[in-house]
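Derivation of every value follows stated rules applied to the coordinates shown; laboratory data play no part. Everything quoted here is computed from the prediction, not taken from an experiment. We place every Cβ from the backbone using ideal geometry, glycine too, and count neighbours over all the protein chains shown.
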Amino acid sequence: MNTTIVSLVSMGTMGALFALGLAVASKKFAVETDPRVDEIEEVLPGVNCGACGFAGCRSFAEGVASGEAAVNGCPVGGARVAKLVAEIIGVESDGPKRRVAQVLCKGGLAEAKQRGTYDGPQDCRIAHVTQGGDKVCSYGCLGYGSCVAACPFDAMYMDENGLPVVIEEKCTACGKCVEACPRDIIMLVDEEQGVHIRCRSLLTGRFVRQACSVGCIACQRCVKVCPTGAIYMEDNLAHINYDLCTNCQECVAVCPMNTIVWQEGKPLIEKVVAN
């Protein structure tokens with residue numbers, strides 16, 4: 001009996017000492033957290049998409065509090081969230097420019113020629129590395145909707161022509177569709193930009209015509225008429241430098257293949273162009 005009582009007292013004493021030691025250690029070695037981190041995380045969208053460059057919203061909040069991230073670094077939250085975060089930090093913010101995804105290919109079922117029937121999983125990434133899909137063009141949209149499936153905001157859908165369409169009002173520029181596309185035909189662009197070259201083929205004009213009725217044939221007419229030098233040729237393909245493009249639409253008017261498109265409703269942009 002005495003042995004049992006002694007054991008219980010000893011164990012109780014040891015437990016109390018361990019608890020006291022842990023309490024002291026937790027206070028001594030505790031890592032102080034910036035209270036602003038919780039406040040910032042509270043106003044963030046909470047989607048943890050990683051578009052800000054951080055692992056998630058909590059990491060981004062910690063980055064803002066430590067000065068490693070900009071207050072306007074959340075593309076999903078946009079200007080509204082940037083303003084709230086700036087108020088918490090105590091700085092000014094104009095908010096980030098809103099970006100949206102753009103699909104740079106017009107070669108759908110009606111425009112792109114077929115080379116055969118693809119017999120495999122309806123996944124663009126698998127098709128790309130196995131049979132290459134069923135279109136002659138090896139640079140264009142495969143049309144199996146991997147980008148649509150990857151979008152967590154239902155901001156994309158496949159149209160009747162077998163091409164993905166972006167619903168800009170819903171797009172948050174999270175970049176998931178960009179990552180899902182094995183042919184790099186989707187990019188994130190400032191929302192105000194309305195002129196786009198919807199082709200990614202690097203083939204010469206003769207071979208482009210054999211594969212698609214709306215592909216870039218590298219005629220360079222767009223380059224010659226662009227008043228700001230925003231369009232340039234590289235590897236048989238016209239490209240737009242969006243930093244210089246003012247949405248003047250001169251290139252749209254002269255493109256013989258209708259590869260360059262204009263999105264109605266976009267504004268003319270005033271930009272300072274260096275001589």
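Annotations
- Residues whose amide H comes within less than 5 Å of that of Ile186, counting only those at least five positions distant or on another chain, are Leu104 (H built at 1.01 Å from N in the peptide plane).
- Near the amide H of Lys135, within less than 5 Å, lie the amide hydrogens of Arg115, all on another chain or at least 5 residues away, with H placed in the peptide plane.
- Percentage relative contact order, the chain, counting C-alpha pairs under 8 Å, at least six apart: 14 percent
- The candidate values were [x] 44; [y] 49; [z] 14; the one computed from these coordinates for percent of Cα pairs over 32 Å apart carries the label [x].
- Listed pairs Lys135/Lys176; Lys106/Lys224; Lys135/Lys170 exceeding 28 Å between Cα atoms: Lys135/Lys170
- Packing-based order for 239-247, 119-127, using average beta carbon neighbours within 10 Å, highest first: 239-247, 119-127
- Highest average first, the peptides 217-230, 128-141 ordered by how many other beta carbon atoms sit within 10 Å of their residues are 128-141, 217-230.
- When its C-alpha radius of gyration is set against 2.2 N^0.38 Å (N residues), the stretch 125-265 gives a value of 1.06.
- For GluC sites (Glu not before Pro), the sites in the stretch 81-166 that DSSP calls loop and that have at most 11 other Cβ atoms within 10 Å are Glu92, Glu160.
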